[in-house]
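Okay, structure first, notes after.
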Amino acid sequence: MSLDKMSKELFLEILEILDKKLEENRLGLTLNLYGGTVMMVCFDARPATKDVDALFETSPIIDSILADIAETYGLRRGWINQDIKEPLKSIKKEDLKEIYKFKNLKVLAPSAEQMLAMKVLSARPEPYKDFNDAEYLIMYLKLETLEEIINIFDKFIGRRYLGDRQKMFLNYVGKDLKMLWEEFSI
C-alpha cells in the first residue's frame, strides 16, 4: 500500500531522515521546492500534498536514498520528482529563500510573489490546485488590483507568456474573490 498524500509533519520527518542518509554517505544536497509542497510548508495553505516538486542534483546514491525513503514510508514511486524543470524554463527570475537547513541538506523555496506568478502561468483546471493557490497568494500578498498581479507575473515570467488561458484564469480568480478589477476580453 502506498501513501496518497504527504502531510507537513511527515515531510519534515522525511527531510530529517534524508539529512541523516546524506551524512552517512558523506553527501550534501540542496532541494529547491515548488508547487503544492511550498503551499503546504511555507504558507500552511493545505494540509498535505500528493508529491514533492523539486530541483536537485541527482546521482545513483541520491536516487537510492530516495528509493529507500519511499519504501520505508510507503510512498508511491515519483513521490519526489523534477517535473517542474519544463515550467521553470519560462521563469526569467527566481526568488528563492532558505526555509530549512540541516547538517547536509539545505531546502529552498520561492517567494509568495514567484509562486503566484507560477500559478498564473500554469493556470490548470481542477483537480489541480492552481486556482485555490492563486487566490490564497493574492490574499496573502494583499493584492487589490489586476495590475499588481500582472506586474508580479511580468517580473518573474514576462507579459509575453500572458496568454488567453492565463487571462481567463485571472478573470475567474477576480470574480471568485469579488475583486472590482476590469476583466480581460478574450
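Just so it is clear, none of the values below were taken in a lab; they were calculated from the coordinates. If you're wondering where the values come from, they're calculated on a predicted model, not measured in any experiment. For neighbour counting, all protein chains shown are included, and Cβ atoms are generated from backbone atoms with ideal geometry for every residue, glycine included.
The table for this structure:
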| quantity | calculated |
| --- | --- |
| Order of Met139, Met115, Met39 - criterion: other Cβ atoms within 10 Å of each residue's Cβ, fewest first | Met139, Met39, Met115 |
| Low-density loop cleavage sites - GluC sites (Glu not before Pro) in segment 55-104, where at most 11 other Cβ are within 10 Å (DSSP) | Glu57 |
| Unit charges at the beta carbon, dipole of segment 70-186: most positive-side option, Trp79, Asn104, Ile138 | Asn104 |
| Approximate shape of segment 113-176 as ellipsoid semi-axes (Cα gyration tensor, √5λ), whole Å, largest first | 15, 14, 11 |
| Hits among lysines - C-alpha to C-alpha of Lys21 under 16 Å, sequence gap 8 or more where chains match | Lys101, Lys103, Lys106 |
| Segment 103-186: trypsin sites (Lys or Arg not before Pro) falling in loop per DSSP and having at most 15 other Cβ within 10 Å | Lys103, Lys142, Lys178 |
| Assigned charges on the beta-carbon of Lys, Arg, Asp, Glu; the chain dipole about Cα centre (debye) | 260 |
| Which listed pairs, of Lys8/Lys129; Lys92/Lys167; Lys92/Lys129; Lys50/Lys178; Lys20/Lys97; Lys50/Lys119, have C-alpha distances above 27 Å, in listed order | Lys50/Lys178 |
| Three-way shape label, the chain, alpha-carbon gyration tensor, a/c 1.5 | prolate |
| Prolate/oblate/rounded call for segment 81-157, Cα gyration tensor, a/c under 1.5 rounded | prolate |
| Per DSSP, loop trypsin sites (Lys or Arg not before Pro) in segment 1-37 with at most 10 further Cβ within 10 Å | Arg26 |
| In order through segment 4-21: 3J(HN,Hα) via Karplus (6.51 cos²θ - 1.76 cosθ + 1.60), integer Hz, x for Gly, Pro | 7, 9, 10, 7, 4, 4, 5, 4, 5, 4, 5, 4, 5, 5, 4, 4, 5, 5 |
| Value in Å of the Kirkwood radius, where segment 6-110 supplies the Cα pairs that are averaged | 14.1 |
| Under-5 Å amide H pairs with Tyr100, H placed in peptide plane, nonlocal only | Val107 |
| Check: segment 6-110 dipole with +1 on Lys, Arg Cβ and -1 on Asp, Glu Cβ, in debye | 280 |
| Cβ charges +1 (Lys, Arg) and -1 (Asp, Glu), total dipole of segment 82-126, debye | 200 |
| Residue with peak Gaussian network fluctuation, the chain [Cα springs, cutoff 10 Å], from Pro87, Pro127, Pro47 | Pro127 |
